[in-house]
1. I'd like the residue in region B:39-54 that is assigned to a helix (DSSP H, G or I) and farther than 16 Å from residue B:75 by Cβ and, out of all such residues, is nearest to the other protein chains (Cβ to nearest Cβ).
2. Where residues in region A:73-96 are touching a strand residue (DSSP E or B) at 6+ places or on another chain (Cβ under 7 Å) and under 13 Å from residue A:109 (Cβ atoms), which of them is modelled with the highest pLDDT?
3. Pick from region B:220-229 the residues that are assigned to a helix (DSSP H, G or I) and surrounded by fewer than 17 Cβ atoms within 10 Å (Cβ to Cβ): which of them is modelled with the lowest pLDDT?
4. Can you confirm whether region B:166-183 contains a residue that is within 11 Å of chain A (Cβ to nearest Cβ), within 19 Å of residue B:38 (Cα to Cα) and crowded, with 19+ Cβ neighbours inside 10 Å?
5. Here are B:105, B:126: which of them is in contact (Cβ under 8 Å) with a residue 24 or more places away in the chain, under 30 Å from residue B:192 (Cβ atoms) and within 13 Å of chain A (Cβ to nearest Cβ)?
6. Among the residues of region B:134-170, which ones are touching a strand residue (DSSP E or B) at 6+ places or on another chain (Cβ under 8 Å) and on the phi > 0 side of the Ramachandran plot?
7. Which of the residues spanning region A:205-226 are under 17 Å from the mean Cα position of the chain (by Cα) and more than 21 Å from residue A:140 (Cβ to Cβ)?
8. Within region B:59-72, work out how many residues are surrounded by fewer than 18 Cβ atoms within 10 Å (Cβ to Cβ) and in contact with a strand residue (DSSP E or B) (Cβ under 9 Å, 6 or more places away or on another chain).
């Protein structure tokens with residue numbers, strides 16, 4: 001019991017420190033008029049593929065920037081480099097706790113590389129993980145979760161914090177629906193059980209389904225953030 | 001820099017304490033002659049479905065037991081209850097660090113519920129996560145990783161610790177290969193780059209592919225553990 005109590009205090013301290021840094025990040029974003037999306041998912045749910053399509057479609061309409069979080073490698077950043085948008089890679093490998101998430105300090109460490117005042121919308125691609133990324137605010141305006149239907153129906157119940165904290169869920173890999181034993185209605189029921197009425201867009205990077213709707217969502221949100229600035 | 005140094009010391013302390021508890025678990029398993037598999041994957045890669053098939057096929061040949069790790073819910077344990085094997089659910093929700101993995105202490109907390117001396121092989125189903133579970137030994141004999149080909153080719157490079165620490169990789173959801181843009185050769189090349197020659201079995205819970213091979217692997221390993229006891 002004692003051990004658990006000590007751990008809890010350590011954790012609370014870590015999260016308090018994180019919140020303070022997240023607020024500092026947020027202030028920088030607000031000053032620059034940059035709308036910030038924290039994009040989260042399991043490994044391999046399709047975040048980077050969706051981002052490629054987003055950059056392809058939107059880079060002439062919206063000044064986009066990307067902060068890539070990965071445990072190791074610059075593979076995702078390399079995939080996005082061809083779009084010539086401001087892009088920074090943060091590797092979480094030297095961090096704390098298994099480096100399974102971005103925290104506010106890691107995001108802060110990447111910001112000097114980004115010309116925020118020239119970025120309308122910054123997309124932060126978090127480490128692939130359904131648990132810890134949800135616990136760490138990084139100063140974002142919105143949390144967008146990418147959920148691949150290949151992951152099964154039950155995950156909203158098993159990883160409720162992540163689903164509960166999402167502002168929008170991109171239900172992805174919809175092109176595979178006919179090849180899976182996936183009960184979409186059941187999944188949506190579970191999703192509504194933990195986050196009633198949360199926005200959802202059915203997407204497929206392969207077929208392009210839902211990408212217009214997602215890009216409009218992003219454009220509208222960024223425009224609104226600029227307007228209130 | 002100071003903050004990072006403090007965090008590093010805390011982490012090392014946590015991992016040292018974990019190793020000591022893992023060794024204590026290991027001693028219990030050895031005394032009981034129980035072969036222990038730590039099964040790890042991303043969320044939704046198919047661990048529970050593979051386990052259902054394993055229990056269905058093997059429960060008359062091998063005395064199996066299961067320790068289920070989940071952040072919340074007993075959904076997985078409920079799915080496996082119909083096989084009437086010794087089964088315990090550990091919820092990681094009150095734990096430390098986002099509860100994104102099983103550690104040796106959580107496993108230890110579940111052991112009193114399991115009649116180890118009547119279990120030839122215990123399968124520990126870890127929390128779905130490609131990062132932290134790999135950092136925490138729980139006293140297992142082998143680590144079996146389930147990798148769904150829907151997760152893309154690049155994950156061995158992005159999550160190297162997990163792939164490096166695996167003793168066997170079940171390359172799962174092979175029934176979907178024809179519907180994906182997945183380059184199997186490239187994935188296997190990346191796998192060999194981080195864990196040269198690691199055992200691999202191509203599986204599908206849907207078609208039954210590879211399940212005989214996987215069950216034989218488990219049976220042989222458990223028999224060998226008994227023989228040296």
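The values are calculated or read from the model by the stated rules, or taken from the named source; none is laboratory data. None of these values were measured; they are calculated from a predicted model. We place every Cβ from the backbone using ideal geometry, glycine too, and count neighbours over all the protein chains shown.
1. B:53
2. Of all residues in region A:73-96, those touching a strand residue (DSSP E or B) at 6+ places or on another chain (Cβ under 7 Å) come to A:74, A:76-77, A:80-81, A:85-92.
Okay, now just the ones that are also under 13 Å from residue A:109 (Cβ atoms), so A:88-92.
Details: A:88: 96, A:89: 93, A:90: 91, A:91: 87, A:92: 83.
Top of the filtered list is A:88.
3. B:228
4. Looking for residues that are within 11 Å of chain A (Cβ to nearest Cβ), within 19 Å of residue B:38 (Cα to Cα) and crowded, with 19+ Cβ neighbours inside 10 Å, one finds at least one in region B:166-183, hence yes.
5. B:126
6. Passing the criteria: only B:139.
7. If the condition is that a residue be under 17 Å from the mean Cα position of the chain (by Cα) and more than 21 Å from residue A:140 (Cβ to Cβ), then A:205, A:211 are the ones that fit.
8. Our first condition is that a residue be surrounded by fewer than 18 Cβ atoms within 10 Å (Cβ to Cβ); within region B:59-72, this holds for B:59-61, B:72.
In the following step, the residues that additionally are in contact with a strand residue (DSSP E or B) (Cβ under 9 Å, 6 or more places away or on another chain) were identified as B:72.
Within region B:59-72, residues that are surrounded by fewer than 18 Cβ atoms within 10 Å (Cβ to Cβ) and in contact with a strand residue (DSSP E or B) (Cβ under 9 Å, 6 or more places away or on another chain) number 1.
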